[in-house]
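Report on the following structure.
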Amino acid sequence: MCWLLLSLVAVAAAQGFDYFENYYNEIDIEDEQAEAKTRNALQSPLQRWPNPKLYYRISSEYSDEEAQNVRSALKTFDEQTCINFEELTEPIPSGQRYVYYKKSPQMCGTRVGYNPIPLFGSGSHDVLLTEHCLSKPGIIQHETLHVLGLYHEQSRADRDMFVVIDYDNIPRKYWSQFMAMSDKSTTTFNVPYDFESVMHYPKNAFAKDRNKPTIRALVNGEPVEREMGQVLGPSEGDLTKIRLMYCN
Ligand SMILES: [Zn+2]
């Protein structure tokens, strides 16, 4: 498997962030090549979906309520961007490209961006979601924004102007999750850095000591602890990037 496991670690319920409890184990599955080429928003048109009309399919393993959560999460993109999600029903036409929302017992994640060459000859771009992730439209939207080509906000090429990473508080095996990428391969579309992005890690993502932040905001050149990231839904900055990628 050439997939890269990328974890988004958040605080435990004991610290009062219930909605992150299982999201603690969010794992984004990303193609290594895409990982190397892309950060924040995909620059290459090849890795954007060729058309703002996207088809999707919901696993028959989902309960009615879970399926409804996916539909209502996607409605946000229909209503606020030019992206139009249309649900496919069986049988899926052969060769059809579509986003496939599937169930996973332990991980939530997907590949970043459109894959011009479908994996394993299948037309599906899989999004794996646990029961917990399925209960939170914001997490469904986070994964869907990965599908559309957004990376985590704190991976932007210019992030060192806005945040400081405390690597001493991060296990070495996760250091790669905090890399900022070159602006040669990615773009921010000149959208301001967005602490409220649904794609931003929380302040103590991957922390060894969760009482201390791993990411602090730079305010007048000084690192300051503040809240960042949320799972309520896409921010205006997230939606702006999608509009710039697909709606021009
Ligand atoms: Zn993610």
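Being at pLDDT below 90 and either away from the ligand (no atom under 16 Å from the Cβ) or buried (at least 17 other Cβ atoms within 10 Å of the Cβ) (or both), is that true of even one residue in the stretch 132-140? Before the answer, list the steps.
Step one: of the stretch 132-140, the residues at pLDDT below 90 are none.
No, every residue in the stretch 132-140 fails to be at pLDDT below 90 and either away from the ligand (no atom under 16 Å from the Cβ) or buried (at least 17 other Cβ atoms within 10 Å of the Cβ) (or both).
Of the numbered conditions (1) closer than 21 Å to ARG48 by Cα; (2) away from the ligand (no atom under 15 Å from the Cβ), HIS200 satisfies every one except a single condition; which is it?
Result: HIS200 fails condition (2) only.
Could you count how many residues in the stretch 221-248 are modelled with pLDDT of 95 or more and polar (S, T, N, Q)?
Residues meeting the conditions: 2.
Residues of the stretch 120-147 being free of Cβ contacts under 8 Å to residues at least 24 places away in the same chain and either within 23 Å of THR186 (Cβ to Cβ) or of a type in the set (S, T, N, Q) (or both), which ones?
Here is the first cut: in the stretch 120-147, the ones free of Cβ contacts under 8 Å to residues at least 24 places away in the same chain are 120-122.
The one that is free of Cβ contacts under 8 Å to residues at least 24 places away in the same chain and either within 23 Å of THR186 (Cβ to Cβ) or of a type in the set (S, T, N, Q) (or both): SER122.
Which members of the stretch 226-248 meet the condition of being open to solvent by less than 20 Å² (accessible area, probe 1.4 Å) and in contact with a strand residue (DSSP E or B) (Cβ under 7 Å, 6 or more places away or on another chain)?
The first filter runs over the stretch 226-248 and keeps only residues open to solvent by less than 20 Å² (accessible area, probe 1.4 Å), leaving 228-229, 231, 233, 235, 237-239, 241-242, 245.
Within the stretch 226-248, MET228, ASP238, LYS241, MET245 qualify.
Find the residue count for the stretch 192-219, including only residues that are assigned to a loop (DSSP other than H, G, I, E, B), open to solvent by less than 30 Å² (accessible area, probe 1.4 Å) and farther than 21 Å from GLU143 by Cα.
3
Looking at this structure, is ILE117 open to solvent by 50 Å² or more (accessible area, probe 1.4 Å) and within 22 Å of LEU88 (Cα to Cα)? Spell out the reasoning first.
Details: open to solvent by 50 Å² or more (accessible area, probe 1.4 Å): yes; within 22 Å of LEU88 (Cα to Cα): yes.
Yes: the conditions hold for ILE117.
Any residue that is surrounded by 12 or more Cβ atoms within 10 Å (Cβ to Cβ), of a type in the set (Phe, Trp, Tyr) and at pLDDT below 50 - is there at least one of those in the stretch 8-17? Before you say what the answer is, go through the steps one by one.
Our first condition is that a residue be surrounded by 12 or more Cβ atoms within 10 Å (Cβ to Cβ); within the stretch 8-17, this holds for 8-13, 15, 17.
If we keep only those that are of a type in the set (Phe, Trp, Tyr) too, we end up with 17.
With the extra rule that they be at pLDDT below 50, the set shrinks to 17.
Checked against the condition, which is being surrounded by 12 or more Cβ atoms within 10 Å (Cβ to Cβ), of a type in the set (Phe, Trp, Tyr) and at pLDDT below 50, the stretch 8-17 yields at least one hit.
I'm told LEU128 meets every condition in (1) within 16 Å of the ligand (Cβ to nearest atom); (2) at pLDDT 90 or above; (3) part of a helix (DSSP H, G or I) except one. Can you identify the failing condition by its number?
Against the list (1) within 16 Å of the ligand (Cβ to nearest atom); (2) at pLDDT 90 or above; (3) part of a helix (DSSP H, G or I), LEU128 comes up short only on (3).
Does THR76 fit the bill of being at pLDDT 95 or above, outside any strand (DSSP E or B) and either under 17 Å from the mean Cα position of the chain (by Cα) or more than 26 Å from GLU225 (Cα to Cα) (or both)? Let's see the steps before the verdict.
Numbers: at pLDDT 95 or above: yes; outside any strand (DSSP E or B): yes; either under 17 Å from the mean Cα position of the chain (by Cα) or more than 26 Å from GLU225 (Cα to Cα) (or both): yes.
Considered against the rule, which asks whether it is at pLDDT 95 or above, outside any strand (DSSP E or B) and either under 17 Å from the mean Cα position of the chain (by Cα) or more than 26 Å from GLU225 (Cα to Cα) (or both), THR76 comes out as yes.
Among the residues of the stretch 181-194, write down those that are touching a residue at least 24 places away in the same chain (Cβ under 8 Å) and more than 16 Å from the ligand (Cβ to nearest atom). Steps first, answer last, please.
Pass one, the stretch 181-194, residues touching a residue at least 24 places away in the same chain (Cβ under 8 Å): 181-183, 185-189, 191-194.
Passing the criteria: SER182, ASP183, SER185, THR187, THR188, PHE189, VAL191, PRO192, TYR193.
Report the residue count in the stretch 150-180 for those that are assigned to a helix (DSSP H, G or I) and either crowded, with 17+ Cβ neighbours inside 10 Å or at pLDDT 95 or above (or both).
Residues flagged as assigned to a helix (DSSP H, G or I) and either crowded, with 17+ Cβ neighbours inside 10 Å or at pLDDT 95 or above (or both) within the stretch 150-180 amount to 12.
Of the residues in the stretch 82-111, how many are within 17 Å of the chain's Cα centre (by Cα), touching a residue at least 60 places away in the same chain (Cβ under 8 Å) and either buried (at least 19 other Cβ atoms within 10 Å of the Cβ) or more than 16 Å from the ligand (Cβ to nearest atom) (or both)?
Of the residues in that region, 5 qualify.
Residues checked against (1) modelled with pLDDT of 65 or more; (2) assigned to a helix (DSSP H, G or I):
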| position | (1), (2) |
| --- | --- |
| TYR19 | no, yes |
| ILE29 | no, no |
| ALA67 | yes, yes |
| SER72 | yes, yes |
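The values are calculated or read from the model by the stated rules, or taken from the named source; none is laboratory data. Everything numeric here is computed off the predicted structure, so don't read it as measured data. Note that we place each Cβ from the backbone using ideal geometry, even for glycine, and neighbour counts take in every protein chain shown. What goes into the accessible areas is simple: the full protein's heavy atoms, side chains included, and nothing from ligands, DNA or RNA. Shrake-Rupley method; radii C 1.70, N 1.55, O 1.52, S 1.80 Å.
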